[in-house]
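Accompanying notes for the structure given below.
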Amino acid sequence: MTCEGGPAEYAGRVWDDLEADDGGYVLLPRPGEHGPEAWYQLDPQTVAPSRVDGAAQQARYVADYLPS
């Protein structure tokens, strides 16, 4: 997953071990990591530009929190 937008700590960063929920949402930082909370949504139709280590799904910044 490649992050687009959101906090500077996550923008452009790549993760290879995150799993989205049923709606395609991912909350960062992961448990045990430090950083601001930020929700991203995977876009299964979009693939980020190829990287040396392969392609990654694009995740776009949604919000600091999801409304309930």
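The values are calculated or read from the model by the stated rules, or taken from the named source; none is laboratory data. As the structure is a prediction and not an experimental result, all values here were calculated from the model. Cβ: placed from backbone, ideal geometry, glycine included. Neighbour counts: every protein chain shown. Ligands, DNA and RNA are stripped out before the accessible areas are found, and what is left, the full protein with its side chains, is counted by its heavy atoms. Shrake-Rupley method; radii C 1.70, N 1.55, O 1.52, S 1.80 Å.
General remarks:
- Largest to smallest in accessible area, the residues 60, 30 fall in the order 60, 30 (1.4 Å probe, all protein chains included).
- In this label model, residue 27 and residue 14 are separated by 2.7 nm, measuring between points 7 Å along each Cα→Cβ vector.
- Net charge contributed by nearby residues that have their C-beta within less than 14 Å of residue 29 (K/R +1, D/E -1): -3
- Extension gain (nm, one decimal) between residue 63 and residue 37, 0.36 nm per residue minus Cα-Cα: 8.5 nm
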